[in-house]
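Quick notes on the structure that follows.
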Amino acid sequence: MALTQADIDRELADSRAAYDKARADGAPAADHPARDFAPYRSSLLRHPKQPLVAVQGDPETVELHTPVFGHTDITDVDNDLTIQHQGEPLGERITVSGRLLDSHGRPVRGQLIELWQANAAGRYAHLRDQHPAPLDPNFTGVGRTLTGDDGSYSFTTIKPGAYPWRNHENAWRPAHLHFSLFGTAFTQRLITQMYFPGDPLFAYDPILQSVTDESARQRLVATYDHGLSQPEWSLGYRWDIVLDGPSATWIEEGR
């Protein structure tokens, strides 16, 4: 029998109650959700079950066997997902800008940020996505950029649609963008997600709700910024990414 939303709601309520009790008993705020967060069903199947294994040998040798990204690999159109094809993509154009910062608010310069997402109908351009929503021949949903000297980044894209994900009965993911941050080496890759303000699906999404600390959860939601909106072209959202410290952006650890 399929899990219902009521089942997920009970599990989320139990998780929040346990977290609130732990905080009341003096436990610090959680940096990351549990790797085997029950309401997020697939995390029970694919989280690491053994301690991390340290790679032996010269770190430079290790990195020779991983992808290498350089400044010359980034083109002028990589951060504009609306002009990567001959035709116009369907959907609402958006501009997403922000800064990559360390725990002291200092900019992190020259870092590779990748973005991937569903299209306006809520479908990824991926063979494994069999959601019966239309594909857009003019939208691949992948972009990348390097942060500037002030840690800034910017993407122009299409606002993604919600989509079903079969975690439980009538499960829908809120609209979101996936972000990948590479640091100074591929082995430092971090992954997170950005959400849009006011989405009615927030309360029903076990992935977002796995971030039990409310302030940390709110830091995953972008802010509408009218100053970033471009007249007759796109709406603007601002979202800063903080790598560590008490204001750090939630990272998908062990997923």
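The values are calculated or read from the model by the stated rules, or taken from the named source; none is laboratory data. All of these numbers come straight from a predicted model, not from anything done at the bench. Using ideal geometry, Cβ is built from the backbone for each residue, glycine included, and neighbour counts are taken over all protein chains shown. Heavy atoms of the whole protein, side chains included, go into the accessibility calculation; ligands, DNA and RNA do not. Shrake-Rupley method; radii C 1.70, N 1.55, O 1.52, S 1.80 Å.
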Item to check | Test for Ala38: is it free of Cβ contacts under 8 Å to residues at least 60 places away in the same chain, in a loop (DSSP other than H, G, I, E, B) and touching a Phe, Trp or Tyr at 6+ places or on another chain (Cβ under 9 Å) | outcome: no
Checklist entry - Is it true that Pro134 is open to solvent by 20 Å² or more (accessible area, probe 1.4 Å), touching a strand residue (DSSP E or B) at 6+ places or on another chain (Cβ under 6 Å) and not hydroxyl-bearing (Ser, Thr, Tyr)? => result no
Item to check | Selection within region 17-35 - touching a residue at least 40 places away in the same chain (Cβ under 8 Å) and not in a helix (DSSP H, G or I) | outcome: Ala29, Ala30, Asp31, His32, Pro33, Ala34, Arg35
Item to check | Residue list for region 109-126, filter: closer than 20 Å to Gln84 by Cα and open to solvent by 30 Å² or more (accessible area, probe 1.4 Å) | outcome: Glu114, Trp116, Ala120, Ala121, Arg123, Tyr124, Ala125, His126
Checklist entry - In the set Gly122, Gly161, Gly143, which member is more than 23 Å from Ser97 (Cβ to Cβ) and either at pLDDT 95 or above or not in a loop (DSSP other than H, G, I, E, B) (or both)? => result Gly122
Checklist entry - Does any residue of region 111-118 turn out to be in a loop (DSSP other than H, G, I, E, B), in contact (Cβ under 8 Å) with a residue 24 or more places away in the chain and under 30 Å from Thr4 (Cα atoms)? => result yes
Checklist entry - Of everything in region 1-60 that's modelled with pLDDT under 75 and β-branched (Val, Ile, Thr), which residue is surrounded by the fewest Cβ atoms within 10 Å (Cβ to Cβ)? => result Val53
Checklist entry - Can you name the number of the only condition in (1) modelled with pLDDT under 95; (2) charged (D, E, K, R); (3) more than 21 Å from Trp116 (Cα to Cα) that Glu253 fails? => result (3)
Checklist entry - With respect to the numbered conditions (1) closer than 20 Å to Ala222 by Cα; (2) open to solvent by 40 Å² or more (accessible area, probe 1.4 Å); (3) modelled with pLDDT under 95, which one is the sole condition not fulfilled by Asn79? => result (3)
Checklist entry - What number goes with the only condition from (1) open to solvent by 20 Å² or more (accessible area, probe 1.4 Å); (2) in contact with a Gly (Cβ under 8 Å, 6 or more places away or on another chain) that Thr95 does not pass? => result (1)
Checklist entry - How about region 204-245: which of its residues are outside any loop (DSSP other than H, G, I, E, B), more than 26 Å from Ala24 (Cβ to Cβ) and open to solvent by 20 Å² or more (accessible area, probe 1.4 Å)? => result Tyr204, Thr223, Tyr224, Gln230, Leu235, Arg238, Val242
Checklist outcome for this item: Within region 164-200, of all residues that are at pLDDT below 95 and among the aromatic types (Phe, Trp, Tyr), the one least open to solvent (accessible area, probe 1.4 Å) is Phe182
Item to check | Qualifying positions in region 98-108 - open to solvent by 60 Å² or more (accessible area, probe 1.4 Å) and within 18 Å of Val221 (Cα to Cα) | outcome: Arg99
Checklist entry - Across region 231-246, what is the number of residues that are at pLDDT below 95 and of a type in the set (Phe, Trp, Tyr)? => result 1
Next on the checklist: Going through Gly161, Gly141, Gly148 one at a time, which residue ends up being over 11 Å from Glu114 (Cβ atoms), open to solvent by less than 10 Å² (accessible area, probe 1.4 Å) and of a type outside the set (S, T, N, Q)?
Outcome noted: Gly141
